[in-house]
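K.L.:
Submitted below is the structure of interest, expressed as C-alpha cells.
The values are calculated or read from the model by the stated rules, or taken from the named source; none is laboratory data. Everything numeric in this text was worked out from a predicted model, so none of it was measured. All Cβ positions, glycine included, derive from the backbone under ideal geometry; neighbour counts span all protein chains shown. All accessible areas refer to the heavy atoms of the entire protein, side chains included, with ligands and DNA or RNA removed. Shrake-Rupley method; radii C 1.70, N 1.55, O 1.52, S 1.80 Å.
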Amino acid sequence: MRRADASRKTKETQIELSLDLDGTGKAQIDTGVGFFDHMLELFTVHGRLNVTLSCRGDLQVDAHHTVEDVGIALGDCFRQALGDKKGIARFADRLVPMDDVAALVAVDFSGRPALIFEETLSGRVGNFDMELVEEFLRAFTAHAGFNLYVKLLRCGNRHHEAEAIFKALALCVRDAVKIVSDEIPSSKGMLE
C-alpha cells in the first residue's frame, strides 16, 4: 500500500495529514483557508488520491505559513509513500483548459527537486494571495523530490489560473505515480 502520514507542529502551524496514492479522489481538507482548501480538493479528486488534512495556522498573520507548511507535509508524504519508486511511470505532462485559461504542467519524479514556474501570479482571490500558489508548489516539490514545470499558456480570471494549474498538476501526478512495470524507471537503476 502506498500510504503515508505526516504530523508537523511548529509555532506557526499544526498539521495532520494522511495520503493514499492509490485512492479514489476522497478529500477531507480543512486548512482554514477556503480557496486553498478548494484547490487541494481539486488536486485530490483529479489526482485520484485520498487525502485527509487538518491544519491550524497563524491566519491572524496571513496564509503564508499554512500554505507553505501544507506543501512541506504533503511533499513528505509523497516521498514516503513512493518509497524507491519501483514501477512508477515517473514522467507526465498535461495541458488543461479552464474556461478562459490554459495551463501546461510537466513532472518528473526523479528524486531531485526543481520548480520552473514561468508565471508571476498576483492579486487576490477572496482573501487568498495568488503568489502563495508558487510558495505551495516550491515546498511540495522540494519535499516530494520531483521536477515541476508550470506555464500558463493563456492568462485570465485568477481563480481559473489557479484551478487550471492544480488540475493539470493532479493529472500529471496521477499519471506519473501510476505503476506501469516492476522496474525502477531509471538507467542508473535508482531514483534519488
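K.L.:
Of the numbered conditions (1) in a loop (DSSP other than H, G, I, E, B); (2) crowded, with 17+ Cβ neighbours inside 10 Å; (3) of a type in the set (Asp, Glu), GLU41 satisfies every one except a single condition; which is it?
P.N.:
(1)
K.L.:
Which of the residues that make up the stretch 53-86 are within 30 Å of GLU183 (Cα to Cα) and under 15 Å from the mean Cα position of the chain (by Cα)?
P.N.:
Selection gives GLY71, ILE72, ALA73, LEU74, GLY75, ASP76, CYS77, PHE78, ARG79, GLN80, ALA81, LEU82.
K.L.:
Mind counting the residues in the stretch 44-69 that are in contact (Cβ under 8 Å) with a residue 60 or more places away in the chain, open to solvent by 20 Å² or more (accessible area, probe 1.4 Å) and outside any helix (DSSP H, G or I)?
P.N.:
Matching residues across the stretch 44-69 total 2.
K.L.:
With the condition kept exactly as written, say whether any residue in the stretch 21-29 is among the aliphatic types (A, V, I, L, M), modelled with pLDDT of 95 or more and more than 14 Å from the chain's Cα centre (by Cα).
P.N.:
Checking the stretch 21-29: not a single residue is among the aliphatic types (A, V, I, L, M), modelled with pLDDT of 95 or more and more than 14 Å from the chain's Cα centre (by Cα).
K.L.:
Which of the residues that make up the stretch 148-186 are buried (at least 17 other Cβ atoms within 10 Å of the Cβ), under 12 Å from PHE109 (Cα atoms) and not aliphatic (A, V, I, L, M)?
P.N.:
If the condition is that a residue be buried (at least 17 other Cβ atoms within 10 Å of the Cβ), under 12 Å from PHE109 (Cα atoms) and not aliphatic (A, V, I, L, M), then CYS172, ARG174, ASP175, PRO185 are the ones that fit.
K.L.:
Only one of GLY189, GLY111, GLY145, GLY87 is open to solvent by less than 70 Å² (accessible area, probe 1.4 Å) and free of Cβ contacts under 8 Å to residues at least 60 places away in the same chain; which?
P.N.:
Going through GLY189, GLY111, GLY145, GLY87 in turn, the sole match is GLY189.
K.L.:
If you don't mind, there's one more thing I want to ask. How many of the residues making up the stretch 107-130 are in contact with a Leu (Cβ under 6 Å, 6 or more places away or on another chain) and over 28 Å from ALA81 (Cα atoms)?
P.N.:
Going through the stretch 107-130 one residue at a time, the tally reaches 2.
K.L.:
For the stretch 118-138, enumerate the residues that are open to solvent by less than 10 Å² (accessible area, probe 1.4 Å) and either without any contact (Cβ under 8 Å) to a residue 12 or more places away in the chain or not aromatic (Phe, Trp, Tyr) (or both).
P.N.:
Selection gives MET130, LEU132, VAL133, LEU137.
K.L.:
Here is a follow-up. Taking the condition on the phi > 0 side of the Ramachandran plot and not acidic (Asp, Glu), does ARG56 pass?
P.N.:
Judged against the criteria, ARG56 is not a match.
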